[in-house]
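The values are calculated or read from the model by the stated rules, or taken from the named source; none is laboratory data. Bear in mind that the values here come from a model prediction, so they are computed numbers and not experimental data. Because the Cβ atoms are built from the backbone with ideal geometry, glycine has one as well, and the counts that use them run over all protein chains shown. Surface accessibility is based on the protein's heavy atoms, side chains included, excluding ligands, DNA and RNA. Shrake-Rupley method; radii C 1.70, N 1.55, O 1.52, S 1.80 Å.
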Amino acid sequence: MLYREAGDFKTSYEADNQTFPIAFDRYRYWVVLAVAFLVIPFIINDYWANAIFVPFLIYAIAAMGLNILTGYCGQVSLGTGGFMAVGAYACYKLMTGFPDVSIVIHIILAGGITAMVGAAFGLPSLRIKGFYLAVATLAAQFFLVWLFNKVSWFYNYSASGQINAPERFVAGVAVTGPNTDPWAQYMICLVFLTVCAIIARNLTRGTMGRSWMAIRDMDIAAEIIGVNPLKAKLTAFAVSSFFVGIAGALFFAVYLGAVEVGEAFGIQKSFLVLFMIIIGGLGSIFGSFAGAAFLVLLPVALKVLGVDVLGWPTDLVAHLQLVIVGALIMFFLIKEPHGLAQLWRLAKEKLRLWPFPY
């Protein structure tokens, strides 16, 4: 009654294989896009932009990238923070080296540079997997952070070792620098997220995505039926790193404006993005959004409830956040490995049979 495809007939294979074959899903998708593009930019303020919307959009891009690698291709990675640092520092060098080029081009090129670095660090996946691959990507994380700390060329020989985003404009509107309006930060991140989500959705539903999933499920069987493991794994690393690099560039240039690699892109960042896809759901684009939204909203909700309403100490609320996240990770890994995305799918199935759900 509330959610059904009864009467929603298809007259072509294209209509049956579209991203949202059920009309109700398509309408909901367009409503969400309309609110995101036409409503939120007019009501957003500094607090909502910096505390919720901008970090959510950026982390959703990073979570999509890691989900492609880990959720769809089955290659465990603990180097997300390091690859975000590659995107940030590549964007910084491009912004300072080519000041007349659009910041949009710089962010895309930073994603491309990160894709090449990610593919290079993905070469060990051809020989090792599982825990050993996780350790190899963890080594990449530490190496990249060390590299950006020690080689002063990356931060233009600054005495502080910090990189600062110069002011840049898109269509005459400042999107980086101290004079950036909250709606401008939000809009550029939203546009990148929308484009990345469309690309990721189509890649995972196409030939490349099926190759990734075949490698994930059983790599030997996939190779027997004709899937090239070299191509599948390296493309997964490259596409994943491309998205993560874009997220790192946006995190530096649009969100923070100034970063120090050890503080902004340390191992905690890698674990944070990994927790997002575990809670949101491995192998699901929607799960990347759900996990990012949950872990961005959780500290804000705990602060409002614990500190502002109940008057708890700030350090107690911070420790409570770690306890909640750890408990949820154990719950989802044991009880529901597909995360919030699977719970959402089950809810839709029950709505399709309402008022007689099974």
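Most tightly packed first, judged by the mean number of other beta-carbon atoms within 10 Å of their residues, the peptides 33-43, 107-117 read 107-117, 33-43. Counting only aspartates and glutamates at least 8 places from K233 when in the same chain, those with an alpha carbon closer than 16 Å to its own are D217, D219, E223. Given a 10 angstrom Cα cut-off, can you work out which residue in L328, L310, L126 is the most mobile in a GNM of the chain? Maximum fluctuation in the GNM of the chain, among the listed residues, is at L310. A simple packing score, the average count of other Cβ atoms within 10 Å per residue, orders the peptides 169-179, 191-201 as 191-201, 169-179, with the highest score first.
For the chain, the fraction of 1.4 Å probe accessible surface lying on carbon and sulfur atoms is 69 percent.
Kyte-Doolittle cut-off -1.0, length cut-off 24 Å along the helix's own axis using Cα: show which whole DSSP H helices in the chain pass. Write out the running numbers ahead of the final one.
Working: long enough: 80-97 (25 Å, 0.72); 103-121 (27 Å, 2.18); 131-150 (28 Å, 1.41); 182-205 (34 Å, 1.13); 229-250 (31 Å, 1.33); 285-302 (26 Å, 2.25); 314-334 (30 Å, 2.14).
Length and hydropathy pass: 80-97, 103-121, 131-150, 182-205, 229-250, 285-302, 314-334.
Rounded if a/c is under 1.5, else prolate if a/b beats b/c, else oblate: with a ≥ b ≥ c from the C-alpha gyration tensor eigenvalues square-rooted, which is the stretch 156-297? It comes out prolate by the Cα gyration axes.
Could you give the length gained on full extension between L126 and L38, defined as 0.36 nm per residue of separation minus the Cα-Cα distance, in nm?
Numbers: separation 88, 0.36 × 88 = 31.68 nm, distance 4.57 nm.
Once the chain is fully extended between L126 and L38, it gains 27.1 nm.
Counting heavy atoms of the protein chains alone, D181 has an accessible area of about 70 Å² for a 1.4 Å probe. Normalised Debye scattering of the chain at q = 0.09 Å⁻¹ gives log10 I(q)/I(0) of -0.53, counting only Cα atoms as equal scatterers and leaving out solvent. When the C-alpha to C-alpha distance is required to be over 26 Å, the pairs from K129/K231; K269/K350; K93/K129 that qualify are K269/K350; K93/K129. When peptides 240-249, 90-99 are sorted by average Cβ neighbour count within 10 Å, with the highest value leading, the order is 240-249, 90-99.
Rolling a 1.4 Å sphere over the protein heavy atoms, what is the accessible area per residue of the chain, to the nearest Å²?
Working: 17790 Å² over 358 residues.
With the other protein chains kept in place, the chain gives 50 Å² per residue.
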